[in-house]
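Have a look at the structure below, then the notes.
The values are calculated or read from the model by the stated rules, or taken from the named source; none is laboratory data. Owing to the predicted nature of the structure, the values given are computational and were not obtained by experimental measurement. Reconstructed Cβ throughout: ideal geometry from the backbone, glycine too, with neighbour counts over all protein chains shown. Areas reflect the complete protein model, heavy atoms only, side chains present, ligands, DNA and RNA absent. Shrake-Rupley method; radii C 1.70, N 1.55, O 1.52, S 1.80 Å.
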Amino acid sequence: MLRIAGSPLPVVGRARMYVCGITPYDTTHIGHAATFVWADVAARVLRHLGVDVDVCRNVTDVDDVLDAAAARAGVRYDSFAAVQQFRFDRDMDALGVRRPTHEPRAHVHVAQVASLAAALIERGAAYHRDGTVWFRGAGVRERAGLGAAEAAALSAEYGDRRDDGRDDPFDVVIWRASAPGEAAWPSPWGGGRPGWHAECAAMSLTTLGPALDIHVGGADLRYPHHAYEAAMAEAVTGVTPFARSWLHVGTVGIDGRKMAKSTGNLVLVSDVLETWPAAALRLLLVDRAWARPWDYRVEDLEAAAARLERLYAAAAHGVTENPAADAAVSAALLDDLDVPRALAVAEEAGGTAARRVLSILGLGG
């Protein structure tokens, strides 16, 4: 049985995994890649148990940031998103991340967001004002374990834009009226567009149903995005919890600052792969506790490449059959995806244990 964050996750036959995907306005950096590689590892471990895994990884192609980037490039938002999506897929293929079972796009699920908004209004969990539908957010920050000041700061950084007219400071947009010149879709409240949190809720509910086994995303999206996504889903379906387990992958930084376009410290996957093997980068991303934040350093990538070569050599030698080491590798991966422990066993034992860990972790060899 797989354990996530110390809690058992019994699964019978099939697991539903939702991966909070990209907003396709820029090419993939190491911080993004860490989330998607860890999601791939979790799915591979479940498959190692004989579980079928339905992976849904969304594409947020209706977003203010995407619109702004497309405008700067002088192209339509959907054309711009398609180019960025191609580059993302190329990077993920190079890193050995399997294509998801489902890849819903926000612009295809606008009608589902409108339906979600209407249902939440009917349940009293949302209200309409001046073309915008607001989700009642009372209690969401408390469930996330945050104080008012911390939650307000995170909402200002990651929340919906132009969100005035709320009854409560922690209410968030489900549907909002489009500004002049923005893409707009019809709704009972006039032309508008989805709110970010509602997009993921609608895509997840439409694709995988009312509840998930694992929800994967960056730790920086824990609040407000994931908290409100879950709250909306639970309010409309009555099914709790929305996700049985959360894989909030630790952020990646440089010199102590989170890697982000706003800070200008991005390290792009495509740039790294010009000079380093993709498997070495993949190993660097997962040879650590998945929840821990960390800093990218070239010397660590060098160490990962060297360790990968040692693992390949170990896989070619050692005892042909070593049931105890094989079992120890599997036990480590099932214990909160403890990749460092699994790698240590494999490197020491070699043979089948090393081949097993290379196979499960998607490291080739």
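In region 344-362, the residues that are closer than 22 Å to Leu95 by Cα form Cβ pairs under 7 Å with partners that are of a type outside the set (Lys, Arg) and surrounded by fewer than 19 Cβ atoms within 10 Å (Cβ to Cβ), at six or more places apart or across chains, as follows: Ala354/Glu347; Leu358/Gly364; Leu358/Gly365; Ile360/His48; Gly362/Gly96. Taken over region 1-25, the criterion of being in a loop (DSSP other than H, G, I, E, B) and open to solvent by 20 Å² or more (accessible area, probe 1.4 Å) is satisfied by Met1, Ala5, Gly6, Pro10, Val11, Val12, Gly13, Thr23, Tyr25. Please give the helices (runs of 4 or more DSSP H) falling wholly within region 88-203 in which 2 or more residues are within 23 Å of the chain's Cα centre (by Cα) and basic (Lys, Arg). In region 88-203, the matching helices (runs of 4 or more DSSP H) lie at 140-143.
Checked against the criterion of being hydrophobic (A, V, I, L, M, F, W, C) and in contact with a helix residue (DSSP H, G or I) (Cβ under 7 Å, 6 or more places away or on another chain), the candidates Ala280, Ala303, Ala316 yield just one match: Ala280. When restricted to residues that are open to solvent by 10 Å² or more (accessible area, probe 1.4 Å), in a helix (DSSP H, G or I) and closer than 20 Å to Ala69 by Cβ, region 26-49 contains 2.
Conditions tested, residue by residue: (1) in contact with a helix residue (DSSP H, G or I) (Cβ under 7 Å, 6 or more places away or on another chain); (2) open to solvent by less than 70 Å² (accessible area, probe 1.4 Å).
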position	(1), (2)
Thr132	no, yes
Arg141	yes, yes
Ala149	no, no
Val172	yes, yes
Thr206	yes, no
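Give region 191-242 a look and list any residue that's of a type in the set (D, E, K, R) and within 18 Å of Thr132 (Cα to Cα), or say none. Arg193, Glu199, Glu229 - these are the residues of region 191-242 that are of a type in the set (D, E, K, R) and within 18 Å of Thr132 (Cα to Cα).
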